[in-house]
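Notes follow the structure.
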Amino acid sequence: MSDLYVGLMSGTSLDGIDAALVEFGGIAERPDSARLVAFRTEPYNVQFVSRLSEAVSSRSGSRELCDLGFELGERFSAAVLALLSDAGVAASEVAAIGSHGQTVWHRPPAAGRPGATLQIGESAVLAERTGIDVISDFRVRDVAAGGHGAPLTPLFDLLVLSDPDRGRAIQNLGGMGNVTGLPRPGSDNGPIAFDTGPGVALLDAATRNLTEGKLSFDVDGLLAAKGTVIEEALAPWLADPFFAESPPRSTGRERFGDAALDPWLKRFAAEKREDLLATLTEFTARSVADSYRFLGFRPDEVLLCGGGARNPELRRRIETQLNGTPVLLLDSTCWDGDAREAAAFALLARQHVRGFPVDLGWATGAPAPRVLGKRTPA
């Protein structure tokens, strides 16, 4: 027995919508099989990215947030319908859509204060336009239960991407970075996952600023590769208290976004752009490597995914910082790296539909398993 699910992801990189159609076999909590049937990305145009950036930076009012939520619902719907058309699959064949939505605010719990999180992308619009049940708001229940609400993709890593013979670190380099540590089965260590810090959010924003909008990101890391790290400029980033926090931990653009980047760029405005981008690239690489002290084991391999995985200079710097641990692309081993996050929300939709509580305390810090998500019937 197998079922089809669609997963949707609009991440902190703010570059577009990832949509994955995944076939899961079996009825047990761990799928017997997982097959990527189809995948596509619908990029956002510059104007829409600007509006999302305003919302994420808390500069949008309630009216604009409302409009964005419904417009995202329409965009999500169009992405799903295009994906199903690509695959030659009817909407009636899909069990449910798992939609992460677009995070516009995320505050992890701290010092006795509960967390809060907000994702937009109206599920009712998505259900109405596609005729498919929608599972959304996955983070909210985890936060309500006392967890960080993130990262959630490690469930997919554990149930689908584990290797019986190798210990793996699956490192996502989206707008923010997060790692899933999967020790070899039978090890004394258990799985662990947490946010490592910024992925490419700072790099992309700095590139747009330093090239006056001519480039939206440092293509192949070519600009950074020509630069030299400015240790004085690197130090303030590495001194952020986030990096001393033990897991569970999560972060976002609220901490590593424009509000922190803009004054940094002004402070070091006299420096060459290549040097500034080399410094930010080194910052991400060091924050990733330094965070692996929390894994509890040395991975046999590090598998990169997300937009930053396609930046050779960032990959080279991570490899250097990890002192000999092989750093590979997830695509080259077991799964399409671009499709991983969207596929994870297809899996989370499956777990909701089948009534499986998600046990992600090792990633989010939630004290007990919960059925994640809210269901909007078609």
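Residues considered: Asp157, Asp142. Of these, the only one that is touching a residue at least 24 places away in the same chain (Cβ under 8 Å), in contact with a Pro (Cβ under 9 Å, 6 or more places away or on another chain) and of a type outside the set (Ser, Thr, Tyr) is Asp157.
Note on segment 214-228: residues that are in contact with a helix residue (DSSP H, G or I) (Cβ under 6 Å, 6 or more places away or on another chain) and assigned to a helix (DSSP H, G or I) total 5.
Per the listing Ala206, Ala244, the residue uniquely free of Cβ contacts under 8 Å to residues at least 12 places away in the same chain and within 30 Å of Arg59 (Cα to Cα) is Ala244.
Please work out which residue is surrounded by the most Cβ atoms within 10 Å (Cβ to Cβ), limiting yourself to segment 274-303 and to residues that are among the aliphatic types (A, V, I, L, M) and under 18 Å from Leu202 (Cα atoms).
The first filter runs over segment 274-303 and keeps only residues among the aliphatic types (A, V, I, L, M), leaving 276-278, 280, 285, 288-289, 295, 302-303.
Filter once more, so that each one left must be under 18 Å from Leu202 (Cα atoms): 276-278, 280, 285, 288-289.
Numbers: Leu276: 24, Leu277: 25, Ala278: 25, Leu280: 30, Ala285: 24, Val288: 28, Ala289: 20.
Restricting to residues being among the aliphatic types (A, V, I, L, M) and under 18 Å from Leu202 (Cα atoms), the top hit is Leu280.
Residues that are more than 12 Å from the chain's Cα centre (by Cα), crowded, with 24+ Cβ neighbours inside 10 Å and not in a helix (DSSP H, G or I): does segment 195-213 have at least one? No, segment 195-213 has no match at all. If you go through segment 3-16 and pick out every residue that is within 12 Å of the chain's Cα centre (by Cα) and either assigned to a strand (DSSP E or B) or without any contact (Cβ under 8 Å) to a residue 60 or more places away in the chain (or both), you end up with 3. Tell me, yes or no, whether segment 286-302 has at least one residue that is under 30 Å from Arg166 (Cβ atoms), β-branched (Val, Ile, Thr) and in a helix (DSSP H, G or I). Scanning segment 286-302, I find at least one residue that is under 30 Å from Arg166 (Cβ atoms), β-branched (Val, Ile, Thr) and in a helix (DSSP H, G or I), so the answer is yes.
The set of residues in segment 354-367 being in a loop (DSSP other than H, G, I, E, B) and either under 20 Å from the mean Cα position of the chain (by Cα) or modelled with pLDDT under 95 (or both) consists of Asp359, Leu360, Gly365, Ala366, Pro367.
Per this entry, Ser216 is not counted among residues that are of a type in the set (S, T, N, Q) and either modelled with pLDDT of 95 or more or under 30 Å from Ser162 (Cα atoms) (or both).
Looking across segment 324-378, the residues that are under 25 Å from Pro114 (Cα atoms), touching a Ser or Thr at 6+ places or on another chain (Cβ under 7 Å) and either buried (at least 18 other Cβ atoms within 10 Å of the Cβ) or small (Gly, Ala, Ser) (or both) come down to Phe345, Gly373.
Determine, yes or no, whether Gly73 is within 22 Å of the chain's Cα centre (by Cα) and assigned by TED's automatic domain parsing to the domain that holds Leu348.
Working: within 22 Å of the chain's Cα centre (by Cα): yes; assigned by TED's automatic domain parsing to the domain that holds Leu348: yes.
Spelling it out, Gly73 is indeed within 22 Å of the chain's Cα centre (by Cα) and assigned by TED's automatic domain parsing to the domain that holds Leu348.
Is it true that some residue in segment 272-283 is of a type in the set (Gly, Ala, Ser) and in contact (Cβ under 8 Å) with a residue 24 or more places away in the chain? Within segment 272-283, one or more residues are of a type in the set (Gly, Ala, Ser) and in contact (Cβ under 8 Å) with a residue 24 or more places away in the chain.
Does Ala235 satisfy being farther than 23 Å from Gly306 by Cα and among the small types (Gly, Ala, Ser)?
Working: farther than 23 Å from Gly306 by Cα: yes; among the small types (Gly, Ala, Ser): yes.
Considered against the rule, which asks whether it is farther than 23 Å from Gly306 by Cα and among the small types (Gly, Ala, Ser), Ala235 comes out as yes.
The values are calculated or read from the model by the stated rules, or taken from the named source; none is laboratory data. All values derive from a computational prediction rather than experimental measurement. Cβ: placed from backbone, ideal geometry, glycine included. Neighbour counts: every protein chain shown.
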